[in-house]
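The values are calculated or read from the model by the stated rules, or taken from the named source; none is laboratory data. All values derive from a computational prediction rather than experimental measurement. As a convention, Cβ positions derive from the backbone with ideal geometry for all residues, glycine included, and neighbour counts pool all protein chains shown.
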Amino acid sequence: MQSFAYKFYLCCMQKATYFFVLILIINFSFAQENLPSSMFLIEGDSLPNYAIPLNEVVVFQPLKFQNKEDLNRYILLRRRVFRVYPYAKLAADRLTTLNMRLEEMDSKRGKKKYLKRLEKFVYDEFEGELRKLSRSQGRILIRLIHRQTGKTTFDLVKELRNGWRAFFYQTTASLFKLSLKDEFNPEEVLEDYLIEDILQRAFSEKYLIEQPSHKTYQLDTLYKKWRDKL
């Protein structure tokens with residue numbers, strides 16, 4: 001990329017002021033050797049600055065645990081969140097694409113046929129991986145889908161397929177002590193607050209790629225609320 005000084009030099013040459021440019025260059029070079037102590041010349045820049053620009057730093061509240069068991073539970077929860085968040089993120093992406101495609105279709109028959117094909121594709125692609133999730137990971141995934149989309153898994157199935165299919169999936173999930181109606185609520189559920197804490201720290205440290213969620217949570221506000229509760 002051409003520097004400001006070089007662009008300025010070319011402009012002045014076009015106006016036949018070559019001598020004036022030489023004077024400017026000489027004066028500016030001299031000024032660089034005699035910059036006031038309150039100014040900085042940053043490498044790669046041609047103009048002095050009164051301050052050094054710094055990258056934004058996010059400061060989190062320090063984590064405190066009552067005992068070693070609480071710390072171990074947090075570490076285990078962190079592993080589970082890291083395991084299932086990509087699936088929740090993918091589900092939200094697919095839902096956005098799905099809604100866009102459905103809006104382009106006019107016939108109910110076409111929409112129904114498309115949804116069946118999509119369901120088979122998702123099942124064939126992810127069935128093996130999702131079966132490897134533990135019950136605890138599945139419970140977290142259900143709540144993270146609600147965090148990303150603003151809708152429970154039960155409601156999504158009901159809207160995209162039908163109430164009977166949603167009821168069937170809910171009944172099956174209940175056999176494993178899971179509920180597709182679970183919501184993400186870090187303001188009232190301690191584990192959800194810890195999940196939000198884990199996510200925001202992971203986003204800041206680039207361990208996970210952030211996807212905008214349906215609702216934005218202020219971690220400081222949650223921290224103060226839970227500090228008062230506990």
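For region 146-158, the criterion of being among the hydrophobic types (A, V, I, L, M, F, W, C), closer than 21 Å to LEU98 by Cβ and over 23 Å from the mean Cα position of the chain (by Cα) is met by at least one residue.
Only residues that are surrounded by 13 or more Cβ atoms within 10 Å (Cβ to Cβ) and either without any contact (Cβ under 8 Å) to a residue 24 or more places away in the chain or over 12 Å from ILE195 (Cβ atoms) (or both) were counted across region 71-82, and they come to 2. Counting the residues of region 171-190 that are closer than 16 Å to ILE140 by Cα, at pLDDT below 85 and of a type outside the set (Gly, Ala, Ser) gives 1.
Restricting attention to region 200-209 and to residues that are farther than 15 Å from GLN61 by Cβ and buried (at least 16 other Cβ atoms within 10 Å of the Cβ), the residue that is nearest to the chain's Cα centre (by Cα) turns out to be LEU208.
Could you tell me whether region 139-150 includes any residue that is within 21 Å of PHE82 (Cα to Cα), surrounded by fewer than 17 Cβ atoms within 10 Å (Cβ to Cβ) and modelled with pLDDT of 75 or more? It would help to see each step written out before you state the result.
Filtering region 139-150 for residues within 21 Å of PHE82 (Cα to Cα) gives 139-150.
Those left that are additionally surrounded by fewer than 17 Cβ atoms within 10 Å (Cβ to Cβ): 150.
In the following step, the residues that additionally are modelled with pLDDT of 75 or more were identified as 150.
Within region 139-150 (the criterion being within 21 Å of PHE82 (Cα to Cα), surrounded by fewer than 17 Cβ atoms within 10 Å (Cβ to Cβ) and modelled with pLDDT of 75 or more), the answer is yes, since at least one residue qualifies.
Only residues that are of a type in the set (S, T, N, Q) and within 18 Å of PRO212 (Cβ to Cβ): list them for region 166-201, please. Working first, answer last.
Just the residues of region 166-201 that are of a type in the set (S, T, N, Q), to begin with: 170-172, 174, 179, 185, 200.
GLN200, the sole residue that qualifies.
Here TYR193, TYR207, TYR217 are screened, and the one residue that is among the hydroxyl-bearing types (Ser, Thr, Tyr), at pLDDT 90 or above and under 19 Å from LEU90 (Cα atoms) is TYR207. A search for C-beta distances below 7 Å between a residue of region 169-191 that is closer than 30 Å to LEU230 by Cβ and any residue that is among the small types (Gly, Ala, Ser) and assigned to a helix (DSSP H, G or I), counting only pairs 6+ apart in sequence or on different chains, returns LEU178/GLY138; SER179/ALA173; LEU180/ALA173.
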